[in-house]
Amino acid sequence: MRIDHLQIAAPVGCEEAAREFYGGILGMAEIEKPAELRKRGGCWFACGEQQLHIGVEKDFRAAKKAHPAFAAENLEALRQALVQHGYPVIDDENLPGSRRFYSEDPWGNRLEFVEQRND
């Protein structure tokens, strides 16, 4: 039917950095987790009609290949914000009809950002 949510793993104590990155830089609204799930740590964000869950993993290792791809508007402004905050931006011109780049979150998880071309 559709994807309800996507979970990205992060290390113990990740919540403040997640709020700064996903909430601050990427502009996602935080969603309050149910009381029973708050004990596990992490935090949740709205991403369009879906949710992005940042889940705590004790023996965390960043995902370097598997990644979410976020549809974006004004990709250039997003690129500038990531660079300004010290995050890498790797351009990829291999997807016809779109502009896209890769970056990473505060813990090194790979992220893709894509915008449809109008030209």
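Sorted by average packing, counted as other Cβ atoms within 10 angstrom per residue and highest first, what order do 27-35, 8-16, 75-83 take?
8-16, 75-83, 27-35
How much FRET efficiency would the formula 1/(1 + (r/R0)^6) give for Val12 and His85, where r is the Cβ-Cβ distance and R0 is 25 Å, rounded to 0.05?
Efficiency, from the Cβ-Cβ distance: 0.65.
So how tilted is helix 75-84 from the main axis of the chain? Cα-based, degrees 0 to 90, rounded to 10.
In the chain, helix 75-84 runs at an angle near 60 degrees to the longest axis.
May I ask for the percentage of alpha-carbon pairs in the chain that lie more than 20 Å from each other?
43 percent
Per residue of segment 21-27, what does 6.51 cos²θ - 1.76 cosθ + 1.60 with θ = phi - 60° give for ³J(HN,Hα)? Whole Hz please, x for Gly and Pro, Karplus curve as stated.
Running phi through 6.51 cos²θ - 1.76 cosθ + 1.60 with θ = phi - 60° gives 7, 6, x, x, 6, 8, x Hz.
How far, in nm, would the chain grow between Leu37 and Arg61 when pulled straight, counting 0.36 nm per residue and subtracting the alpha carbon separation?
Once the chain is fully extended between Leu37 and Arg61, it gains 6.4 nm.
Roughly how big is segment 1-93's charge dipole about its Cα centre, with Cβ charges of +1 (Lys, Arg) and -1 (Asp, Glu), in debye to the nearest 20?
Magnitude of the dipole: close to 440 debye.
Show me 65-72, 47-54 ranked by packing, highest mean number of other Cβ atoms within 10 Å first.
For the peptides 65-72, 47-54, the packing ranking is 47-54, 65-72.
Which percent, nearest 5, of DSSP beta bridges in the chain are antiparallel?
Bridges in the chain that DSSP calls antiparallel: roughly 65 percent.
Hey, in the GNM for the chain with a 10 angstrom Cα cutoff, which one of Gly86, Gly23, Gly108 fluctuates hardest?
Gly86
Computed from the coordinates by the stated procedures, all read-outs in this text should not be read as laboratory data. Only a predicted model underlies this, so the values are computations on that prediction, with no experimental measurement involved. A quick note on method: Cβ atoms are made from the backbone with ideal geometry, for glycine too, and the neighbour counts reach across all protein chains shown.
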